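Bear in mind that the values in this text are calculations on the coordinates, not laboratory data. Fair warning: this is a prediction, and the values are worked out from it, not measured in the lab. Cβ sites come from the backbone with ideal geometry, for glycine too, and all protein chains shown count toward neighbours.
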Amino acid sequence: MKTFPIAIDSQYKGPPFPGEIPWEIADQAYLIYASRYTGQSIEVIARRGGFYAAEMDLFLPDWRARCEKVIAIHADHERVIRDRDELRKIASELLDTFVHHGHPGEPCVQSGWVRVRDIADYRRRVSGA
């Protein structure tokens, strides 16, 4: 997730704030900033240390709540990607089990034989236990 810095102001009396926020939230605040002021792109503001928390309060009063939502969405997305990758790995290992080597006793789709211990291991891994 691309982030945008929040500048530190020792005189700020508002609620605590993070040192950086999701870029898309800063971009929303920048739209309001740009409608009032000219001359600096959002990239220039970021390089110069970002918006102050007081500016964020002015431009986008609910910025903290928006940040929490966006961060949660990104965390959920990352979790889904990790879960997908793990399930792909499990499926690949499971499919590798279903091979026919042409001799009795080997795990085989044709005979339907798979070791009970392998099935129990796949079930445990899929359930997350």
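Could you tell me whether any residue of the range 40-61 is under 30 Å from R79 (Cα atoms), surrounded by 18 or more Cβ atoms within 10 Å (Cβ to Cβ) and in contact with a Leu (Cβ under 8 Å, 6 or more places away or on another chain)?
No, the conditions are met nowhere in the range 40-61.
Considering only residues of the range 13-39 that are touching a strand residue (DSSP E or B) at 6+ places or on another chain (Cβ under 7 Å) and part of a loop (DSSP other than H, G, I, E, B), which is surrounded by the fewest Cβ atoms within 10 Å (Cβ to Cβ)?
My answer is G19.
Of the residues in the range 1-39, how many are farther than 25 Å from R79 by Cα and of a type in the set (V, I, T)?
4
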